[in-house]
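To start, the structure itself, in structure tokens.
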Amino acid sequence: MSELSVFVDESGNLGRDSKYYILSLVFHDQAIDVSEEITTYERLLRERGLQNKPFHLVPLTHGNEAFADEDIETRTRYLFSFASFAWHIPFRYKTFIYRKSEFVGRAELGMKMKRDIIEFLFENLERFQEFEAVKIYYDDGQRLITNALHEAFEYALWQQALVY
């Protein structure tokens, strides 16, 4: 069965501490084997004396959470290692950037996200229809995103092909 995985993450929140809200969707055709790229990445980490930690940009750049005990040079090596991995891995992505000051509230922002995702899906509909299943991975971190994803994908694609 042909399967497309869609990994979703957001940056920013609805509070006042950020000017932007960023939504990224990463697409991976599961028929394309990425094990060689992963093996190379893990080998490079070992050669550079780095642990295989989950990559998360904010803790990495700020030196907290999993990177709290790492100095700036070590964190920079992590960043370059991951950037090299991302450069070589065969995936596609789409990022939507929203200036929060342009929206009256969360409902308006959610509607804009939904419309943008639908527009993107329709612009690439032929490609999406090549897959028997589209699996969407999102941690349900923010209800606004969960709703926009469900409403957009279910509107634009065959619902029986969607897996959350």
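In this rough spin-label picture, where each label sits 7 Å from Cα along the Cβ direction, the Asp9-Ser101 distance is 2.8 nm. Between helix 106-123 and the chain there is an angle of about 90 degrees, using the helix long axis and the longest principal axis of the Cα atoms. From helices alone, the chain scores -13500 deg cm²/dmol at 222 nm; the rule is -39500 (n - 2.57) for each run of n ≥ 4 DSSP H residues, then divide by the residue total. The relative contact order of the stretch 29-125, computed from alpha carbon pairs under 8 Å that lie at least 6 residues apart in sequence, is 25 percent.
If you average the sequence gap of Cα pairs under 8 Å that are 6 or more apart and divide by the length of the chain, what percent do you get for the contact order? Mind showing how you got there, number by number?
Numbers: 198 pairs, mean separation 49.6, N = 164.
The normalised contact order for the chain reaches 30 percent.
One decimal place: the segment Glu154-Arg46 gains 34.6 nm when fully extended, by the rule 0.36 nm per residue minus the C-alpha distance.
Counted residue by residue at 0.36 nm each, then reduced by the alpha carbon distance between them, the extension gain from Thr61 to Ala133 reaches 22.3 nm.
How do Asp33, Asp116, Asp71 rank by accessible surface area computed with a 1.4 Å probe, from largest to smallest? Walk me through the numbers before you get to the answer.
Values: Asp33 110, Asp116 25, Asp71 80 Å².
From most accessible down to least: Asp33, Asp71, Asp116.
Where nothing but the Cβ of Lys and Arg (+1) and of Asp and Glu (-1) is charged, how large is the charge dipole of the chain around its Cα centre, in debye to the nearest 20?
On the way: 19 positive and 27 negative charges, 117 e Å.
It comes to approximately 560 debye.
Tally up the carbon and sulfur contribution to the accessible surface of the stretch 34-164 as a whole percent, 1.4 Å probe, everything protein left in place. List each step's numbers first, then the result.
Numbers: 4500 of 8650 Å².
After summing per-atom areas, the C and S share lands at 52 percent.
The values are calculated or read from the model by the stated rules, or taken from the named source; none is laboratory data. Predicted, not measured: the structure shown is a model, and the values here were computed from it. Neighbour counts run over all protein chains shown; Cβ positions are idealised from the backbone, glycine included. Areas reflect the complete protein model, heavy atoms only, side chains present, ligands, DNA and RNA absent. Shrake-Rupley method; radii C 1.70, N 1.55, O 1.52, S 1.80 Å.
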